[in-house]
Amino acid sequence: MKKYLKLLKNNYVLGTLFFLFWMIFIDSNNLVNQFQLSQKLNQLKDQKEYYQERKEIITQERQELMSNPELLEKFAREQYLMKKESEDIYVIVKK
């Protein structure tokens, strides 16, 4: 026990302990913040992958629509409720 008390009276040991306490708990780059930031980074990487995959799918669908006039007409009719002048459109909403 006397050995530990002697160590705690040493200025270098006290300075080192204070420095470690400061860096681990108080500093703006403490371990808790670093852990939270790494989790946020992983989450953002997952979102980036999702949006890149989604972008590829949308690009392929766009190419298909632009290359096929029948598909383009079907898309316009379904999504934007476009019609020819001589037609009437009825929208049925399912509950």
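Extending 7 Å from Cα along the Cβ direction at Trp22 and again at Lys95 yields two label points whose distance is 6.9 nm. Taking Glu73, Glu85, Glu61 in turn, the Gaussian network model of the chain (Cα-Cα springs below 10 Å) assigns the largest fluctuation to Glu85.
One chain, two ends: Glu61 and Leu81. Fully extended at 0.36 nm per residue, the span grows by 5.3 nm beyond their Cα-Cα distance.
Considering only Pro69, Tyr90, Asn42, the residue lying farthest towards the positive end of the dipole of the chain is Asn42, judged by Cα position with unit charges set on Cβ.
In this structure, Leu41 and Asp88 have a Cβ-Cβ separation that, at R0 = 41 Å, corresponds to a calculated FRET efficiency of about 0.15.
At a Cα cut-off below 30 Å, give the lysines reachable from Lys84, other chains included and same-chain residues fewer than 8 away excluded. The qualifying lysines are Lys74, Lys94, Lys95.
Which entry in (1) 31.8, 100; (2) 14.4, 53; (3) 32.4, 102 is this structure's computed Rg and Dmax of the Cα atoms in Å? It is the one labelled (1). Here r is the Cβ-Cβ distance between Gln34 and Leu14 and R0 is 22 Å; the resulting FRET efficiency, rounded to 0.05, is 0.30.
Since every read-out is calculated from the coordinates, none of them should be taken as a lab result. Bear in mind that the values here come from a model prediction, so they are computed numbers and not experimental data. Note that we place each Cβ from the backbone using ideal geometry, even for glycine, and neighbour counts take in every protein chain shown.
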